[in-house]
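Quick notes on the structure that follows.
The values are calculated or read from the model by the stated rules, or taken from the named source; none is laboratory data. Since the model is a prediction, treat every value here as computed from it, not as a measurement. Cβ: placed from backbone, ideal geometry, glycine included. Neighbour counts: every protein chain shown.
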Amino acid sequence: MDDTIYSTSTQHRLFTFTPRQLSDLRYATNNAAVEKITESIKRRAAAAGIVESEIGEIDCPTAEEELKLVAYYCVKCMQLSDHFQFPSNVKATALTFLHRLYLTTSTLTLHPKKLLLPILYLATKTENHYTPINSFIETAATAGPQVTKEDLLDPEFTIAMGLRWAFQENLVPPAAGAKVALLELLAGDMDRIGRAHGEARRLLTTTALLTDVYFLYTPPQISFGAFLEADRELATFYLDVKFPESDLPARKAKTKLLGVLDEIAKNHLSAGLSRESKNPYQDLLLQLPHNGITTSLAMAVDSALVKEVTRIDKKLYRVTKRDQDSAGKKKTEEGNGNGNGSQSGNGNGNGNGKYDEDEERRAKKRRLEREKAEREGDVFGASLSDVKTAGAGSF
Amino acid sequence: MSNPLFRDDDENCPVCKSSRYLNPNIRFLMNPVCYHKMCESCVDRIFMQGPAPCPVIACGKTLRKNKFRKQTFEDVAVEREVDVRKRVALTFNKRQDDFDTLREYNDYLEEVEQITFNLVNKIDVKETEARLLEYETANKDLISSNAARQAAEMMAFAQATEAEKESQRLAREMAVREREEERREQEELKAATLNALASGDKGAVKVIQEVQLKRSGERKRRQADEQMKLKSLAEGRSLLKSSLLAGTRKRVLEDGPFDPLGGLSDANEHYIVQDYYENKWLENVRNDTAAQAGGYFVKEYYRRSLFEAFSGLTFFVDEEAARIEEEKRATTYTDLMISDAVS
């Protein structure tokens with residue numbers, strides 16, 4: 001029965017993959033986003049009157065780079081959650097949301113940095129960990145970022161769509177609560193069990209959340225995998241009790257299960273994994289140290305890695321900026337100095353100095369808005385309130 | 001042409017050019033080999049000596065006289081399609097109860113329609129014909145038995161209608177006889193009463209009337225009995241017939257009693273929830289009256305935790321992926337199975 005019920009869960013239906021499928025999906029997402037943004041930049045350039053040969057190379061981040069970036073922000077999210085002192089279930093949910101969201105959304109479309117706090121706030125709501133929004137904003141401010149209510153709430157719809165509306169997930173309880181319950185079944189060396197549980201729990205709330213295990217295995221397998229990594233002898237003994245030797249199907253299931261648990265422990269959760277060790281998933285884009293991805297908090301502070309992520313982030317910024325700006329503007333901002341940027345005509349009369357500072361600011365705002373509307377081809381003009389202030393200003 | 005309302009007086013035989021205007025009794029025939037029409041006298045003239053090529057220019061197919069028939073539909077294409085459908089239906093005469101599932105039956109129907117369509121529209125005629133032939137040879141027994149079954153059904157149906165008619169006739173006759181008898185009785189009664197009255201015996205009148213009443217009651221009962229017998233006879237006959245027909249191919253269902261859950265049980269495979277687990281941090285809740293009164297049961301916590309710890313433990317993602325892959329292919333399997341059987 002247990003397995004049948006699991007097979008109806010959204011985790012299984014929407015977010016479980018084989019390594020190959022997962023890797024393919026990541027490449028496909030990246031490809032789609034790159035195509036979209038290239039198209040868009042070219043269109044804008046054409047609209048601004050730039051010939052195709054002069055657009056230059058559009059350097060988009062690859063799927064590998066995107067994954068590195070997301071993984072880095074996952075670590076950031078974890079640190080943020082620790083700063084808020086949220087319980088591990090909120091942390092795990094927030095990280096799962098991040099992972100799941102960036103399966104089908106590219107960082108080119110939505111930058112993870114802007115989403116960290118909204119996702120964390122959404123996770124508190126999902127996990128029923130009530131945090132008043134004002135105190136959330138205050139705590140966030142002590143860590144650095146200044147956010148408003150709108151900043152937190154506006155992206156929720158986009159996030160929810162990326163998650164395909166599957167908020168409920170039973171990831172954390174097996175990682176934290178149930179573990180204890182099942183360990184209690186063993187009447188044995190309580191100290192040893194306590195130690196094993198502590199270690200497994202540590203793995204599950206840190207490393208496991210920074211790897212792909214939640215996409216590749218079922219929650220019980222993950223928690224048993226962590227258990228196996230923590231105390232192999234104890235875990236094998238426990239499984240021997242659960243799957244008696246005398247029963248043939250049980251024995252078969254156990255062999256298979258042990259294989260899977262070994263995979264989890266050795267390929268994903270093991271502390272011995274590093275960039276240099278052998279990659280069991282050759283050519284597949286998974287969150288593994290072999291692919292230059294942080295899978296532990298300790299690795300995140302590695303300066304080379306930070307440098308790499310900063311480079312990717314800059315690259316991403318340049319591409320998205322190019323897409324947002326009009327074609328002429330981007331050339332000057334990039335500072336390439338090849339002065340063939342045909343400035344889009346914006347030589348409108350500026351404020352003529354008679355206005356006071358306030359008036360001038362308003363005029364500037366209007367101009368920016370007008371330019372933006374021109375760029376985006378907003379045929380309906382600015383919103384009503386803006387028109388009103390604009391009218392008031394002109395008198 | 002076949003429709004007398006739209007008879008074309010200028011219609012003429014493409015072979016001898018004689019027209020309906022000159023010969024009002026002209027009859028046109030065609031041969032289902034090439035569907036070229038010609039008048040009856042041409043057919044007699046050309047094909048009297050035996051098979052001969054079609055006289056229409058650039059046709060030249062060998063035709064036989066006995067195959068010539070009157071055109072049923074005005075449109076030759078329709079005529080031809082009906083012929084093709086008839087022919088295909090003779091070979092592909094399986095029925096729904098020959099299949100285990102509706103899906104298989106539908107696949108079969110699609111296959112048949114594909115063949116028919118190909119033949120009607122002359123697409124890959126050679127291959128399609130080959131497929132038809134192969135199916136015919138492969139399923140010879142089934143086809144003949146199905147044909148026999150169909151014939152038997154037709155016969156049974158005809159017999160049933162006949163029997164129905166017969167029983168209706170009998171009932172009608174009986175009703176006539178009954179009316180006649182009743183009338184005769186009334187007359188007898190009248191005569192006897194008159195006689196009794198003439199003799200002035202009042203008591204005798206009463207006796208006669210009572211006797212008469214008794215007799216008519218008895219007659220009515222007898223008639224009702226007879227009618228009943230007739231009716232049950234007819235019903236029994238039709239019942240017997242249908243059961244005989246149905247019994248020829250009824251499949252025996254071998255599965256046991258119906259299970260609405262499809263074999264799913266609510267038993268947990270890997271654990272049994274105990275009433276008590278020694279657990280330090282749950283002690284507080286266990287002894288907290290407020291929590292208990294609020295409806296918090298520690299056992300539910302155990303149950304949930306254990307369920308979450310084991311739900312999906314032996315569920316292997318790669319096996320599931322392989323199964324889904326297999327299933328995806330299976331849909332095409334059923335499509336292929338029929339064409340495999342045919343080709």
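Here are the numbers for this structure:
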quantity: Qualifying residue in the stretch A:160-174 (condition: under 23 Å from A:Tyr281 (Cβ atoms) and either within 11 Å of another protein chain (Cβ to nearest Cβ) or at pLDDT 85 or above (or both)); calculated: yes
quantity: Selection from the stretch B:135-149 of residues that are exposed (fewer than 13 other Cβ atoms within 10 Å of the Cβ) and either more than 22 Å from the chain's Cα centre (by Cα) or not in a helix (DSSP H, G or I) (or both); calculated: B:Thr137
quantity: Members of the stretch B:297-321 found to be within 7 Å of chain A (Cβ to nearest Cβ) and part of a loop (DSSP other than H, G, I, E, B), listed by number; calculated: B:Ser311, B:Gly312, B:Leu313, B:Thr314, B:Phe315, B:Phe316
quantity: Selected residue (criterion: farthest from A:Ala94 (Cα to Cα)) from residues of the stretch A:141-162 that are in contact (Cβ under 8 Å) with a residue 60 or more places away in the chain and surrounded by 14 or more Cβ atoms within 10 Å (Cβ to Cβ); calculated: A:Gly162
quantity: Some residue of the stretch B:246-258 being more than 10 Å from chain A (Cβ to nearest Cβ), exposed (fewer than 11 other Cβ atoms within 10 Å of the Cβ) and at pLDDT 75 or above; calculated: yes
quantity: Residue match in the stretch A:24-35 (condition: farther than 19 Å from A:Ser296 by Cα and within 14 Å of chain B (Cβ to nearest Cβ)); calculated: yes
quantity: Filter result for B:Val125 (surrounded by 14 or more Cβ atoms within 10 Å (Cβ to Cβ) and modelled with pLDDT under 90); calculated: no
quantity: Verdict on A:Ala47 being exposed (fewer than 15 other Cβ atoms within 10 Å of the Cβ), aliphatic (A, V, I, L, M) and over 30 Å from A:Gln221 (Cα atoms); calculated: yes
quantity: Test result for A:Arg201, modelled with pLDDT under 85, part of a helix (DSSP H, G or I), under 23 Å from B:Lys280 (Cα atoms) and under 28 Å from the mean Cα position of the chain (by Cα); calculated: yes
quantity: Filter result for B:Ala152 (closer than 30 Å to B:Lys94 by Cβ, out of contact with any His (no Cβ under 6 Å at 6 or more places or on another chain), of a type outside the set (D, E, K, R) and surrounded by 14 or more Cβ atoms within 10 Å (Cβ to Cβ)); calculated: yes
quantity: Boolean, A:Asp240 is under 21 Å from B:Phe315 (Cα atoms), surrounded by fewer than 13 Cβ atoms within 10 Å (Cβ to Cβ) and not small (Gly, Ala, Ser); calculated: yes
quantity: Some residue of the stretch B:281-295 being touching a residue at least 12 places away in the same chain (Cβ under 8 Å), facing chain A (nearest Cβ under 7 Å) and surrounded by 15 or more Cβ atoms within 10 Å (Cβ to Cβ); calculated: no
quantity: Filter result (over 15 Å from B:Val33 (Cβ atoms) and assigned to a loop (DSSP other than H, G, I, E, B)) within the stretch B:60-98; calculated: B:Lys70, B:Thr72, B:Phe73, B:Glu74, B:Asp75, B:Phe92, B:Asn93, B:Lys94, B:Arg95
quantity: Helices (runs of 4 or more DSSP H) wholly inside the stretch A:217-284 that include at least 1 residues being in contact (Cβ under 8 Å) with a residue 60 or more places away in the chain and within 14 Å of chain B (Cβ to nearest Cβ); calculated: A:219-230
quantity: Listing of helices (runs of 4 or more DSSP H) fully contained in the stretch A:1-72 that carry 1 or more residues being within 26 Å of A:Leu115 (Cβ to Cβ) and free of Cβ contacts under 8 Å to residues at least 60 places away in the same chain; calculated: A:10-15, A:19-47
quantity: Selection from the stretch B:191-202 of residues that are at pLDDT 80 or above and assigned to a helix (DSSP H, G or I); calculated: B:Ala191, B:Ala192, B:Thr193, B:Leu194, B:Asn195, B:Ala196, B:Leu197, B:Ala198
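Let's see how each residue does on (1) β-branched (Val, Ile, Thr); (2) farther than 22 Å from A:Asp313 by Cα; (3) more than 14 Å from chain B (Cβ to nearest Cβ):
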position	(1), (2), (3)
A:Tyr6	no, yes, no
A:Ile41	yes, no, yes
A:Gly49	no, yes, yes
A:Leu69	no, no, yes
A:Cys74	no, no, yes
A:Gln79	no, no, yes
